[in-house]
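First up is the structure itself, then whatever we jot down about it.
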Amino acid sequence: MVSPTIESVVLKDQIKRNDEPEHPLGNGGDQIIEAYSEEDISNVLAHANEHGKTVTVMSGGTKRGYGGTMKQADILLSLKGFQGIVAHSVGDLTLTVRPGTTLKAISDKLAENGQCLALDPSWPELATIGGVIAANESGPKRLLYGSARDHVIGTRIVYPDGRVIRTGGKVVKNVAGYDMNKLFIGAMGTLGVISEITLKLRPLPKYEGLSLVHFPDGREQEIHHVAKRLMDSMMEPVSLEVLTPATAEKLTGQRNYTLAIAWEDQEKAVTQQENWVAANLPAGIRHTCLHEQDAREWWDQLRHLGPNGYNDDVNEANTQAALKIGSKPSDVPSILTMAEEFAESHHVSVMAHGGAGHGISRVYVNGFPDDIIAYTKTLRSEVEKKHGYAVCTHLPFALREPANVWGEKPGYFSLLEGIKQTNDPKKILNRHRFVGGI
Amino acid sequence: MSDVVKCLNKLEIPYIARGAGTGLSGGATPLGGEVIISLVRMKRLLDLDLENRQAVVEPGFINLKLTQTISGKGYYYAPDPSSQNACTIGGNVAENSGGAHCLKYGVTTNHILGLEVVLSNGEIVEIGEHGVPDQPGYDLLGLLTGSEGTLGIVTKITVNLLKNPEGKKTVLAYFDDIDDASQAVSDIIAAGIIPAALEMMDDIAIEGVEAAAYPVGHPRDIAAFLLIEVDGIAAGIDDQIDDILTVCKKSHVREVKVAKDEAERSLWWANRKMGFGAMGAISPDYLVQDGVIPRTRLPEVLARINDISRKYDLRIANIFHAGDGNLHPLILFDASVPGESERASKAGSECLQVCADVGGSITGEHGVGIEKSAEMRFIFSDEEMAAQTDIRHVFNPDDLLNPGKLFPEPGRCVEVKHGEKKATV
Ligand SMILES: Cc1cc2nc3c(=O)[nH]c(=O)nc-3n(C[C@H](O)[C@H](O)[C@H](O)COP(=O)(O)OP(=O)(O)OC[C@H]3O[C@@H](n4cnc5c(N)ncnc54)[C@H](O)[C@@H]3O)c2cc1C
């Protein structure tokens, strides 16, 4: 398998033999190549493309369990070492960064100038910006700030044949040509390797508040009303995240359905909104408020639930899975109650939370492999009845085919195939990692 | 629609979708032999789901009408191009249109949840069904939005709606020096404020709007004004306004005032939104350009536009969305003077070259169309444009759908464009 010529395109010490071929999450490579530059990426891809070798792309590795029905490609291209900030234009609120930079490194650096990247996906100290963009990861605060597609303004992409193509630009508003940025966001690295990203930034919030609304047992159906009332008001919640009892217990110590409402604004405005919540809750429903550092720490805990590519248990009984469910925002509370109910009937334990304002829910499942598969199927079919979808964002390799990671192909699948064929005709990049086996 | 497209396909006749025809880059203009499919009669509101903040409209639905329909319930549709009382939401999707308030709220693409599209083979596909976010697959919604009608014909649109802000205040600041105004723009952003809108007009633009339908009585000897709007939770607004006033004073503002009531605020906005049309009051013809620059390069770029104005001996007014660096140089000319149209066209192109030179873009919201296809070369290499036309080929393999737009055709030179982009009032 080892090509005689790969050594000619990168330095010897960038090439490692894979001594862990049986990684439980798959998505490995016979050879591991560390890229430290765009040129490295381009050389490796051009070489692989020419010799018909398959390439798996990985940065932080937090999404190693996300899709992929090929245990091992010929090459595992690691971008972990290709990190750092290329340019931070403080006055323009833009940042250009290399793909292997972790979200935490980005936030720390930006905070020095009172700015932030308003994306809050899980495991920020492990997850890299390249991976977050490629997997279109997001967190509860996308309600107000949007998701990756709303923050990325430009990229540099290395195509499978080694070409480097710029998409978008470095300015916050731009409609020149097709919005090619969008093609690579959430494409799971199947269309090209992101070698540089330019992002739109925001000023750090002046003040942060968090209203936690606790719903006593039997009153969970009122979550929907409270969320609806809030969304119909002029308040401006940054998140409207519903937590199932097990999730809430872990974060608040109280085993109740809980609504976590973030506020980020001038202090007076935060206070006004907290007061609005207090004044508008149904009788008998309590709420608590956290501020500044306490609020930030609370969110930080939420970002550390679930699998991260490194915390899988060797014990089969503790197999981990994660689901991303998309639905109409108004269906989130009922989907979470279903997630909770089916856990019991399928003998798995579940932690789940979802955005009642934006429609994305996360379900973390723990149990025996067969139970996880059955649970996933049941939940997915119920979600689909509500016009939603369920995607498995983390599963051990062996479960991916039986669970059908992406669900059924969309009606316009031929367009997706056509795009893949255009960018990567030899299908060398992250083969079988994406929707419909792309 | 599907039947029409299938039929045209069979006959190999090229075709163009057309909304209200307000596009400023010639996207809906035929180059020869195309059938024009007008969508203005497809103008129904198909669904309104306020609980999920969604509306489904047909492509011919007029932008402003959507906000008018839902404003009674306290909601609005955020993208607000100055042409919003005429342009269609289908056209907005095709151009990925912006507006004065997109600094805080984003442009069209940030508000599109779903599209029904008739592909070039007549097939009807639904992307983002029921407005559910992040559906598995490549982001076709993002790709189609802004594709200027070259990838498919949009026949249904699911948009995201916003709730009206609780509080809103508008500031007008007059400056004697345009550099001071530019500095104030940067300093407002640096103060951690994201205004809902942050607009600027220079002296020639002011001369125009004061001669048009909605004069405000701006002093005529100032170099520029800023129109700044802050919205959000009422309790937080005054502090932001105080910060803005402080910034303006530090930048040697001559006079700065807060709109005293809705009537005054509306007048200021009407005056601003008349901007392009107002040029008709001071010039027989004008050409609207649309470049984007990093906000911090504003003073330098304005100076270079001034040089271009002198070089071509044509007056250039500047109206722009300063907050996001989106410039609209308006080149004033008289088409009846031989050679002046060509000069205006060249001056416009040179303005875009300046934007490209400082790391910007050749269009922020008006699109490429026919007008700027040659200028695509200012910012993209041939290889990069080929990567885009390769994608077009997936959707539009025979190039029957709005052919000849967006990308420079090999051998097509800049000079041929004259006369095509004249906008007259
Ligand atoms: C005075 C004035 C002010 C303006 N201000 C702004 C502004 O502030 N911000 C801004 O962004 N723009 C502005 N514009 C430009 C213009 O109004 C926008 O580009 C608008 O979105 C065009 O909409 P339309 O319905 O007129 O589209 P048209 O001009 O009819 O068509 C534009 C393009 O869209 C395509 N198209 C139209 N409908 C469809 C469809 N259903 N499916 C596929 N393709 C379609 C056409 O083929 C064409 O390429 C302004 C224009 C004027 C005249």
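The values are calculated or read from the model by the stated rules, or taken from the named source; none is laboratory data. Quick caveat, the model's predicted, so the values are computed rather than measured. Counting neighbours? That spans all protein chains shown, and the Cβs are built from the backbone with ideal geometry, glycine included. Keep in mind that these areas ignore ligands, DNA and RNA; they rest on the heavy atoms of the full protein, side chains included. Shrake-Rupley method; radii C 1.70, N 1.55, O 1.52, S 1.80 Å.
Here are the numbers for this structure:
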item	result
Strands (runs of 3 or more DSSP E) lying entirely in region B:1-71 (those with 3 or more residues that are within 12 Å of the ligand (Cβ to nearest atom))	B:15-18, B:35-38
Residue that is surrounded by fewer than 21 Cβ atoms within 10 Å (Cβ to Cβ) and closer than 16 Å to B:His328 by Cα, where the choices are B:Asp243, B:Asp203	B:Asp203
A:Ile360 being of a type in the set (Val, Ile, Thr), over 30 Å from A:Glu249 (Cα atoms) and crowded, with 22+ Cβ neighbours inside 10 Å	no
A:Gly177 vs. criteria of a type in the set (Gly, Ala, Ser), facing chain B (nearest Cβ under 8 Å) and buried (at least 24 other Cβ atoms within 10 Å of the Cβ)	yes
Residues being surrounded by 19 or more Cβ atoms within 10 Å (Cβ to Cβ) and within 14 Å of another protein chain (Cβ to nearest Cβ) - total across region A:318-346	12
In region B:220-240, the residues that are over 28 Å from the mean Cα position of the chain (by Cα) and surrounded by fewer than 22 Cβ atoms within 10 Å (Cβ to Cβ)	B:Asp221, B:Ala234, B:Ala235, B:Asp238, B:Asp239
Residue, farthest from the chain's Cα centre (by Cα), within region B:86-102, restricted to residues that are closer than 18 Å to A:Tyr178 by Cβ and within 6 Å of the ligand (Cβ to nearest atom)	B:Gly90
Wholly within region A:49-118, strands (runs of 3 or more DSSP E) carrying at least 3 residues that are touching a strand residue (DSSP E or B) at 6+ places or on another chain (Cβ under 6 Å) and of a type outside the set (A, V, I, L, M, F, W, C)	A:72-78
A:Thr101 vs. criteria at pLDDT 95 or above, within 14 Å of chain B (Cβ to nearest Cβ) and over 14 Å from the mean Cα position of the chain (by Cα)	no
Cross-chain or 6+ apart pairs with Cβ under 9 Å, region B:77-89 first and farther than 12 Å from B:Leu66 by Cα, then more than 6 Å from the ligand (Cβ to nearest atom) and among the small types (Gly, Ala, Ser)	B:Pro81/B:Ala100; B:Ser82/B:Ala100; B:Ser82/B:Gly275
Test: residue in region A:125-134 that is in the same structural domain as A:Gly154 (by TED's automatic domain parsing), hydroxyl-bearing (Ser, Thr, Tyr) and open to solvent by less than 10 Å² (accessible area, probe 1.4 Å)	yes
Test: B:Gly98 is at positive phi and either free of Cβ contacts under 8 Å to residues at least 24 places away in the same chain or not acidic (Asp, Glu) (or both)	no
Residue in region B:353-377 that is surrounded by the most Cβ atoms within 10 Å (Cβ to Cβ), counting only those that are assigned to a helix (DSSP H, G or I) and either within 9 Å of chain A (Cβ to nearest Cβ) or within 13 Å of the ligand (Cβ to nearest atom) (or both)	B:Cys355
Any hit, region A:188-197, residues being within 10 Å of chain B (Cβ to nearest Cβ), open to solvent by 10 Å² or more (accessible area, probe 1.4 Å) and on the phi > 0 side of the Ramachandran plot	yes
Residue in region A:155-167 that is nearest to the ligand (Cβ to nearest atom), counting only those that are outside any strand (DSSP E or B) and more than 7 Å from chain B (Cβ to nearest Cβ)	A:Tyr159
Count of region A:418-430 residues which are within 23 Å of the chain's Cα centre (by Cα) and within 11 Å of chain B (Cβ to nearest Cβ)	2
Single condition B:Ala78 does not satisfy, out of (1) surrounded by fewer than 22 Cβ atoms within 10 Å (Cβ to Cβ); (2) within 10 Å of chain A (Cβ to nearest Cβ); (3) among the hydrophobic types (A, V, I, L, M, F, W, C); (4) outside any strand (DSSP E or B)	(2)
Residue match in region A:34-47 (condition: in contact with a helix residue (DSSP H, G or I) (Cβ under 6 Å, 6 or more places away or on another chain), at pLDDT below 95 and not in a strand (DSSP E or B))	no
Subset tally (residues that are buried (at least 18 other Cβ atoms within 10 Å of the Cβ) and among the charged types (D, E, K, R)) for region B:251-286	4
Any hit, region B:146-154, residues being surrounded by fewer than 24 Cβ atoms within 10 Å (Cβ to Cβ) and either away from the ligand (no atom under 13 Å from the Cβ) or not hydrophobic (A, V, I, L, M, F, W, C) (or both)	no
Qualifying positions in region A:363-382 - touching a residue at least 40 places away in the same chain (Cβ under 8 Å), open to solvent by 30 Å² or more (accessible area, probe 1.4 Å) and assigned to a helix (DSSP H, G or I)	A:Glu382
When residues of region B:103-130 are limited to those that are away from the ligand (no atom under 15 Å from the Cβ) and facing chain A (nearest Cβ under 7 Å), the one surrounded by the fewest Cβ atoms within 10 Å (Cβ to Cβ)	B:Glu129
Hits in region B:377-396 - residues which are in contact (Cβ under 8 Å) with a residue 12 or more places away in the chain and not polar (S, T, N, Q)	B:Arg377, B:Phe378, B:Ile379, B:Met385, B:Ile391, B:Arg392, B:Phe395
Single match in A:Glu401, A:Glu384, A:Glu341, A:Glu417 (criterion: of a type in the set (Asp, Glu) and either closer than 23 Å to A:Asp312 by Cβ or in contact with a strand residue (DSSP E or B) (Cβ under 6 Å, 6 or more places away or on another chain) (or both))	A:Glu401
Residue that is nearest to the other protein chains (Cβ to nearest Cβ) [pool: residues in region B:306-320 that are surrounded by fewer than 24 Cβ atoms within 10 Å (Cβ to Cβ) and touching a residue at least 24 places away in the same chain (Cβ under 8 Å)]	B:Ile308
